[in-house]
Amino acid sequence: MQVLVNSDNHIEASQEFITNVGTRVGDKIKRFEDHLTRVEVHLRDENAHKAGGNDKRCLIEARPKGRDPISVSHNADHLEQAIEGAINKLTTVLERDISKTRVN
């Protein structure tokens, strides 16, 4: 399973940070890797240089094998909170989605 991390120009992300995010996502969803081909993480600052809360966004798109992509997003005041929120949402959605396919 491949994990790709992208950030917009308004997010100052070092290669170390990008690698760390990819590792965290991969570790959290490792149990689903047999069902996924790729996971893409998109980090954005929704308001760019303007002041405002809840403007950091993490969108994660998981691509199940042979099925439509699943995406979740989370907005927060801080990028770390947005990342953790999106990871938690993704694990919940994947658990539910994969359990449905096992039943069918």
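What to note about this one:
- Count of segment 9-36 residues, restricted to those that are out of contact with any Asp or Glu (no Cβ under 7 Å at 6 or more places or on another chain) and either in a loop (DSSP other than H, G, I, E, B) or surrounded by 14 or more Cβ atoms within 10 Å (Cβ to Cβ) (or both), is 17.
- Scanning segment 23-54 for residues that are closer than 16 Å to THR91 by Cβ and among the small types (Gly, Ala, Ser) returns a single hit, GLY26.
- Test: residue in segment 74-84 that is touching a residue at least 24 places away in the same chain (Cβ under 8 Å), part of a helix (DSSP H, G or I) and β-branched (Val, Ile, Thr): yes
- Of the numbered criteria (1) more than 29 Å from THR101 (Cβ to Cβ); (2) not in a helix (DSSP H, G or I), the one CYS58 fails is (1).
- Enumeration of residues in segment 21-71 that are among the small types (Gly, Ala, Ser) and touching a strand residue (DSSP E or B) at 6+ places or on another chain (Cβ under 6 Å): GLY22, GLY26, ALA62, SER71
- For VAL93, the stated conditions do not hold, so it cannot be described as in a strand (DSSP E or B), of a type in the set (A, V, I, L, M, F, W, C) and modelled with pLDDT of 90 or more.
- Pick from segment 53-84, criterion over 15 Å from SER7 (Cα atoms) and buried (at least 16 other Cβ atoms within 10 Å of the Cβ), ranking: modelled with the lowest pLDDT: PRO64
- Subset of segment 37-50 that is buried (at least 16 other Cβ atoms within 10 Å of the Cβ) and modelled with pLDDT of 90 or more - its residue that is farthest from the chain's Cα centre (by Cα): ARG44
- Residues that are farther than 16 Å from VAL39 by Cβ and either out of contact with any His (no Cβ under 9 Å at 6 or more places or on another chain) or surrounded by 13 or more Cβ atoms within 10 Å (Cβ to Cβ) (or both), drawn from segment 86-104: ARG96, SER99, LYS100, ARG102, VAL103, ASN104
- Selection from segment 22-69 of residues that are over 17 Å from ASN9 (Cα atoms) and of a type in the set (A, V, I, L, M, F, W, C): VAL25, ILE29, PHE32, LEU36, VAL39, ILE60, ALA62
The values are calculated or read from the model by the stated rules, or taken from the named source; none is laboratory data. Nothing here was measured: the structure is a model prediction, and the numbers come from that model. Heads up, the Cβs are rebuilt from the backbone with ideal geometry, glycines too, and the neighbour counts pull from every protein chain shown.
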